[in-house]
Amino acid sequence: MTRYAFQNKTWKEISEYIKKDTILLLPVGSTEAHGPHLPLATDSIISQEMSYRAAIKLENLGYKALVLPTISYSVTDFSIDFPGSISLSKETAILVLIDIFRSLIKQGFRYIAVANSHLEPEHIESIVKACQQIQEETKIKISFPDKCRKRWASRLTEEFRSGACHAGSYESSLVMAVNPELVKEDIRKNLPSNNISLSNAIRLGITTFKAAGGEQAYFGFPSQASTEEGENTYNLLANMLVESIEETFPAIKKIV
């Protein structure tokens, strides 16, 4: 999949990609606690893999696609109680995205999509606001399928839809499917279920994992995770991204 990596190209190669209506996929994740069994990079791993698999699907459909370097810093205030979590202010997160979009658009890219796997409300809002500002400035849309919206969430796993899904079966399965060596299996298999809906807690005004009942920074059913679930979910996530791109950019040219 490295052939789709934007950063592995030379500047001369990139100049040719600009001419070919290339779709750029921007993986967005976080550096934050994901239970005692998953790495801090969990969201970034998922977003990057989702992007690469979407790039393959886009190529099979006749489009050119590249995956940008992953953004691994975002608003992560919910995990403030756990060492290793690194949070940006929402204002900074918005500006980072805006500057990236502006730079790419100035070079001539017109088709950019965000693949996001970090679901903290303030983080989601930072993406939405950055996309809105860029569209106001340049009249160029950014494709962003927000997994928190019913249209997309309804396609994902039962645990995801329940809201009890931070470092549970959903995310554990996704990491197991691509980086099993990063999952502490001896811990994961013995973690008790934590059937508390983080989504409901957020609606009640709770703002940290611990306050919501996530004493070890996980919600859901990590012991039920499987590589098979991860593979199936990646297929859904990649299809979601492709569908959003085709809807956002109906006039994009295929290279056939």
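The values are calculated or read from the model by the stated rules, or taken from the named source; none is laboratory data. Keep in mind it's a predicted model, so treat the numbers as computed, not measured. Positions of Cβ are generated from backbone atoms using ideal geometry, with glycine treated the same way; all protein chains shown enter the neighbour counts.
Observations
- For the range 4-19, the tally of residues that are surrounded by 11 or more Cβ atoms within 10 Å (Cβ to Cβ) and charged (D, E, K, R) stands at 3.
- Any hit, the range 133-153, residues being out of contact with any Pro (no Cβ under 9 Å at 6 or more places or on another chain), small (G, A, S), in a loop (DSSP other than H, G, I, E, B) and more than 27 Å from I105 (Cβ to Cβ): no
- Among residues of the range 50-78 that are closer than 30 Å to A212 by Cβ and touching a residue at least 60 places away in the same chain (Cβ under 8 Å), those with a Cβ under 8 angstrom from a residue that is of a type in the set (A, V, I, L, M) and part of a strand (DSSP E or B), sequence gap 6+ or separate chain, pair up as M50/A115; S51/L25; S51/L26; S51/V67; S51/A115.
- Qualifying residue in the range 97-105 (condition: outside any helix (DSSP H, G or I), of a type in the set (A, V, I, L, M) and either surrounded by fewer than 22 Cβ atoms within 10 Å (Cβ to Cβ) or modelled with pLDDT under 95 (or both)): no
- Here the range 121-150 is the region considered, the condition is being free of Cβ contacts under 8 Å to residues at least 60 places away in the same chain and under 21 Å from E231 (Cα atoms), and the residue that is surrounded by the most Cβ atoms within 10 Å (Cβ to Cβ) is D146.
- Scanning the range 10-37 for residues that are of a type in the set (D, E, K, R), over 20 Å from the mean Cα position of the chain (by Cα) and under 26 Å from M240 (Cβ atoms) yields K20, D21.
- Residue in the range 218-231 that is farther than 19 Å from R161 by Cα, modelled with pLDDT of 95 or more, not in a loop (DSSP other than H, G, I, E, B) and not charged (D, E, K, R) present: yes
- Tally of residues being closer than 16 Å to F109 by Cβ and surrounded by fewer than 21 Cβ atoms within 10 Å (Cβ to Cβ) across the range 20-42: 2
- Qualifying positions in the range 64-95 - of a type in the set (A, V, I, L, M, F, W, C) and surrounded by fewer than 17 Cβ atoms within 10 Å (Cβ to Cβ): I80, I86, L95
- Tallying residues that are buried (at least 18 other Cβ atoms within 10 Å of the Cβ) and in contact with a strand residue (DSSP E or B) (Cβ under 9 Å, 6 or more places away or on another chain) within the range 199-215 yields 1.
- Pick from the range 8-45, criterion of a type in the set (D, E) and in a loop (DSSP other than H, G, I, E, B), ranking: nearest to N60 (Cα to Cα): D21
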